[in-house]
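Single-structure report; data block below.
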Amino acid sequence: MVSLIAQPQQRDVQVIPIGSDTTALRGRSLKRIKFEIEYALQHGTTANSYLVRGSNAAALFDPPGETFTPLFLEALQARFSLASIDYLILGHVNPNRAQTLEALLVLAPHLQIICSSPAERSLRELLHELPQMPQIRAVRSDEILDLGGGHCLKFITAPTPRWPDGLITFDPLTRILYTDKFFGAHLCTDQVFDEGMASFEPDLRYYFDCLMAPHAKQVSQILERVLPLGATTYATGHGPLSRYNLNELTNRYRHWIQEQISRTTSVAVLYASAYGSTATLAQAIAQGITRTGTAVEMLNCEFATPEEIREAVEKSAGFLIGSPTLGGHAPTPIQTALGIVLATAQKSQLAGVFGSFGWSGEAIDLLEDKLQDAGFSFGFATLRVKFKPTETILKTCEEAGTDFAQALRKTRKAKQGRKPATDTEQAVGRITNGLHVITANRDGVRSAMLASWVAQATFSPPGFTIAVAKERAVGSLLYPGDLFVLNALEEGKHIGLMKHFLKPFGPGEERFEGIQTQTADNGAPILCDALSYLECRVTQMMECGDHWLVYCVATAGKVFNEKGKTAVHYRASGSHY
């Protein structure tokens, strides 16, 4: 298992050499920085910056966001003279970085910023209050910046819908590839590099699913451009740097990308975002869809071409449109996208609408009304979020995405019809399982699931496995390190609880209404009418076809009725529950 850094302070900056004339400055946070879905595993994160010093000039990569501004500037100035740094290279532009950038440029106004063309436009808006606009150089793919001493930095533009201004940099002397958002993970550990990658592979996969899977096509194209460079180290924007498992991680990305591209059912998520909140909602919804094994193609309508939007809608089984409200209207890119959707989509395609707003939500109402008038069915109730989304709202959005994908799957199965069970499926169905209810609570977000695929796996420690279907909403609360309660249902008293937790719950709907519970020491609900309960911690998980196999260790438990028996679930076929 990966151990969190054991230090009194919750945040610090780790400074360490990683190559010839090359230093990493890693802002480390034990706790999640933002309430965004990509940080939901709550294993902390690092904001990685890098300094490369050539014989003629020096370049600083990707200073962190405002969370680390004072700590970062203190660590940087304690070891290096700002006057000796000539360039500031940005892999992408984020408003959260404004405070650090402004502070740096006040201290070192001579710094020349190197970025992509889309990033240049964003920077001029972001830094317009500075007394003097800094020098900004927009670079294209294959341009070179010679720092001297062999450090001839090569730039590769890496646009995706999420980061249209993406820029990757390669140093042929050290063979370090500065990957920005690629190959990272939100994880804070003692180690700088990726020793023991297997222990944090779920974090890598979760990061990929959140940030890369919805843009699999573009990510694949970018990888094919950077892999021939022959890098031996990935200097990531977040989490451990990849050096010891670089080839394995690369192959993982290729495999995960291929999984996304080869999926037969896809959902187009179209959005625009004024201040980032609608984009955050889009990401949470996309994560819920991706969890079910359904492909997602996210398109930022501010940068996507009409042809890209049309193609995404045409090949999708369903589509979602998200919009902010600006001056009582939807922004022009969303109005254009809506026109394309109405002209392109089939009425059989499932639709959905979401958006964030400040004082009014007319744009969301417009989208909903236009799609309803056109005869589209909705996969979930329209999501209207005022101001920035909270943890609970993001979980609701994730569940909405899951429900949307489930609705698509049900429609497809209804068209195909259920096939008679084969002999093998009938034989598999004879494997008996006890009935349980999994209950979880993370930061006030409570969820539950009726579970029958539960089996003891180890004596010491007392451990067991649970098979969780990918489309189950509670699955997002069952990653390594998460806590939950396993409630065993009692034979003769299980019908009520079974029926209750078999009901379909809407996104964000309270799962325990009318159910008597008490709270376990780990914070999860205990069902008072259960036969017994176990307080558990997830330690490992493995992807197995259409399910996740979760290995858990019991830390405490109690039997309420010593003479009771666990209710058993009997099935006629192994092809369904």
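The table that follows gives values for the structure above.
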{"quantity": "Single residue of segment 84-104 satisfying the filter (among the hydroxyl-bearing types (Ser, Thr, Tyr) and open to solvent by 40 Å² or more (accessible area, probe 1.4 Å)) that is nearest to ILE114 (Cα to Cα)", "calculated": "TYR87"}
{"quantity": "Residues located in segment 187-202, provided they are open to solvent by 10 Å² or more (accessible area, probe 1.4 Å) and not aliphatic (A, V, I, L, M)", "calculated": "ASP190, GLN191, PHE193, GLU195, GLY196, SER199, GLU201, PRO202"}
{"quantity": "Count - residues of segment 532-577 that are more than 33 Å from the chain's Cα centre (by Cα) and closer than 23 Å to GLY429 by Cβ", "calculated": "9"}
{"quantity": "Matching residues, segment 289-312, being under 20 Å from GLU259 (Cβ atoms) and either more than 23 Å from the chain's Cα centre (by Cα) or acidic (Asp, Glu) (or both)", "calculated": "GLU297"}
{"quantity": "Residues of segment 203-244 satisfying the condition of being over 17 Å from TYR50 (Cβ atoms), open to solvent by 30 Å² or more (accessible area, probe 1.4 Å) and either among the polar types (S, T, N, Q) or touching a His at 6+ places or on another chain (Cβ under 8 Å) (or both)", "calculated": "GLN218, SER220, GLN221"}
{"quantity": "Flag if VAL341 is outside any strand (DSSP E or B) and either crowded, with 19+ Cβ neighbours inside 10 Å or at positive phi (or both)", "calculated": "yes"}
{"quantity": "Flag if THR332 is open to solvent by 30 Å² or more (accessible area, probe 1.4 Å), of a type in the set (Val, Ile, Thr) and within 19 Å of GLY276 (Cα to Cα)", "calculated": "yes"}
{"quantity": "Within segment 313-325, considering residues that are outside any loop (DSSP other than H, G, I, E, B) and buried (at least 17 other Cβ atoms within 10 Å of the Cβ), the one farthest from the chain's Cα centre (by Cα)", "calculated": "VAL313"}
{"quantity": "Test: residue in segment 142-155 that is touching a helix residue (DSSP H, G or I) at 6+ places or on another chain (Cβ under 8 Å), under 18 Å from TYR87 (Cβ atoms) and surrounded by fewer than 22 Cβ atoms within 10 Å (Cβ to Cβ)", "calculated": "yes"}
{"quantity": "Members of segment 475-489 that are closer than 24 Å to GLN287 by Cα and surrounded by 20 or more Cβ atoms within 10 Å (Cβ to Cβ)", "calculated": "GLY475, SER476, LEU477, LEU478, TYR479, PRO480, ASP482, LEU483, PHE484"}
{"quantity": "In segment 292-312, the residues that are without any contact (Cβ under 8 Å) to a residue 24 or more places away in the chain and part of a helix (DSSP H, G or I)", "calculated": "GLU307, GLU308, GLU311"}
{"quantity": "Residue match in segment 452-460 (condition: open to solvent by 60 Å² or more (accessible area, probe 1.4 Å) and in contact (Cβ under 8 Å) with a residue 24 or more places away in the chain)", "calculated": "yes"}
{"quantity": "Residues that are over 20 Å from THR519 (Cβ atoms) and outside any strand (DSSP E or B), drawn from segment 456-488", "calculated": "PHE459, SER460, PRO461, PRO462, LYS470, GLU471, ARG472, ALA473, GLY475, SER476, TYR479, PRO480"}
{"quantity": "Residue list for segment 372-414, restricted to those being of a type outside the set (A, V, I, L, M, F, W, C), assigned to a helix (DSSP H, G or I) and open to solvent by 20 Å² or more (accessible area, probe 1.4 Å)", "calculated": "GLN372, ASP373, GLU391, THR392, THR396, ASP403, GLN406, ARG409, LYS410, THR411, ARG412, LYS413"}
{"quantity": "Yes/no for VAL13 being buried (at least 18 other Cβ atoms within 10 Å of the Cβ) and over 30 Å from CYS397 (Cβ atoms)", "calculated": "yes"}
{"quantity": "Residue match in segment 360-369 (condition: open to solvent by 70 Å² or more (accessible area, probe 1.4 Å) and farther than 28 Å from VAL550 by Cβ)", "calculated": "yes"}
{"quantity": "Filtered residue count, segment 421-455, keeping only those that are assigned to a strand (DSSP E or B) and either within 31 Å of the chain's Cα centre (by Cα) or not polar (S, T, N, Q) (or both)", "calculated": "17"}
{"quantity": "Extreme residue, nearest to GLN99 (Cα to Cα), among residues of segment 68-83 that are open to solvent by less than 20 Å² (accessible area, probe 1.4 Å) and touching a Gly at 6+ places or on another chain (Cβ under 7 Å)", "calculated": "PHE68"}
{"quantity": "Members of segment 168-180 that are in contact with a Phe, Trp or Tyr (Cβ under 6 Å, 6 or more places away or on another chain) and either open to solvent by 20 Å² or more (accessible area, probe 1.4 Å) or of a type in the set (A, V, I, L, M, F, W, C) (or both)", "calculated": "LEU177"}
{"quantity": "Some residue of segment 226-235 being in a loop (DSSP other than H, G, I, E, B) and farther than 19 Å from THR157 by Cα", "calculated": "yes"}
{"quantity": "The listed residue being in contact (Cβ under 8 Å) with a residue 24 or more places away in the chain and either of a type outside the set (Asp, Glu) or over 22 Å from LEU51 (Cβ atoms) (or both), out of ILE144, ILE113", "calculated": "ILE113"}
{"quantity": "Count of residues meeting criterion [touching an Asp or Glu at 6+ places or on another chain (Cβ under 7 Å), outside any strand (DSSP E or B) and buried (at least 20 other Cβ atoms within 10 Å of the Cβ)] in segment 21-53", "calculated": "3"}
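Residue-by-condition table, conditions (1) assigned to a strand (DSSP E or B); (2) among the aromatic types (Phe, Trp, Tyr); (3) free of Cβ contacts under 8 Å to residues at least 40 places away in the same chain; (4) out of contact with any strand residue (DSSP E or B) (no Cβ under 6 Å at 6 or more places or on another chain):
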| site | (1), (2), (3), (4) |
| --- | --- |
| PRO70 | no, no, yes, yes |
| ALA75 | no, no, no, no |
| PRO109 | no, no, yes, yes |
| GLY148 | no, no, no, yes |
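Residues checked against (1) modelled with pLDDT of 95 or more; (2) in a helix (DSSP H, G or I); (3) within 17 Å of the chain's Cα centre (by Cα):
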{"site": "LYS154", "(1), (2), (3)": "yes, no, no"}
{"site": "LEU173", "(1), (2), (3)": "yes, no, no"}
{"site": "SER199", "(1), (2), (3)": "no, yes, no"}
{"site": "ASP203", "(1), (2), (3)": "no, yes, yes"}
{"site": "CYS210", "(1), (2), (3)": "no, yes, yes"}
{"site": "PRO214", "(1), (2), (3)": "no, yes, yes"}
{"site": "HIS238", "(1), (2), (3)": "yes, no, yes"}
{"site": "LEU249", "(1), (2), (3)": "yes, yes, no"}
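The values are calculated or read from the model by the stated rules, or taken from the named source; none is laboratory data. Keep in mind it's a predicted model, so treat the numbers as computed, not measured. A quick note on method: Cβ atoms are made from the backbone with ideal geometry, for glycine too, and the neighbour counts reach across all protein chains shown. Side chains included, ligands, DNA and RNA excluded: accessible areas come from the protein's heavy atoms. Shrake-Rupley method; radii C 1.70, N 1.55, O 1.52, S 1.80 Å.
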